[in-house]
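So the structure is just underneath, and the comments pick up after that.
The values are calculated or read from the model by the stated rules, or taken from the named source; none is laboratory data. Note that this is a predicted model, so its numbers are computed, not measured. Counting neighbours? That spans all protein chains shown, and the Cβs are built from the backbone with ideal geometry, glycine included. Ligands, DNA and RNA are excluded from the accessible area calculation, which covers all protein heavy atoms including side chains. Shrake-Rupley method; radii C 1.70, N 1.55, O 1.52, S 1.80 Å.
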Amino acid sequence: EPVSTHTAKDAFSAIVPLSLGNTPHLLGYSASSGEVVVNRVLAGGANLGERSRWNIGLGLTSIVPLSLGGEAHFLAYDRTTGRVAIDYVYPNGEAVEVKWSSGWSTGWTAFAPLQLNGTQHFVGYKSATGRTVIDRVDAKGLGATTVWEGVLPTGFTSVTAMTVHGISTGSYDSETCT
């Protein structure tokens, strides 16, 4: 049974965890409005307290939490246009600053944050082709560099990065539950 329940005012297309000032937060994003809502997790997870709202633009399909130098950032991507950015979240959660933006190829369907050797990376995956990358994020949030590329089976609906006995891995197909 949950400790608490919370009814959101907004229909979020993405919800990701962030740590601001060593306090857990949830960042919710609505692709239909472009609005971001930052909620602080209160009382050991028993409730949420809205901290701030701002707009980062319509249509983003992926929001990936990143930690750079111990500070909260996120990667935002739109799979239909290829628009991508890395944003820094101010420690008070009141605003963001775009550190980097660019255009990538379209069609990336899943991302997961990954720490390798103490450095922020992420896994990117294209469901239609199976193309998979591991990118290292610049320490200042000024872009990302592919450090590994390969092809996994097509059709996965999400990826999750994890480390088991020093080996980083993970993916998921909702149709086969594997």
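Structure data summary
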read-out	value
From the C-alpha gyration tensor of the range 60-100, square roots of 5λ in Å	20, 10, 8
log10 of Debye I(q)/I(0), alpha-carbon scatterers only, for the chain at 0.11, 0.16, 0.18 Å⁻¹	-0.48, -1.04, -1.28
Percent accessible area from carbon and sulfur atoms, the chain, protein chains only, probe 1.4 Å	53
Residues with amide H under 5 Å from that of LEU116, placed H, sequence gap 5 or more	HIS121
Packing-based order for 17-24, 105-112, using average beta carbon neighbours within 10 Å, highest first	105-112, 17-24
Per residue, in Å², the accessible surface of the range 91-136 once ligands and nucleic acids are set aside, probe 1.4 Å	46
Fraction of alpha-carbon pairs over 20 Å apart in the range 58-143 - percent	30
Estimated FRET transfer efficiency when R0 is 30 angstrom, pair TRP54-THR129 (beta carbons, to 0.05)	0.30
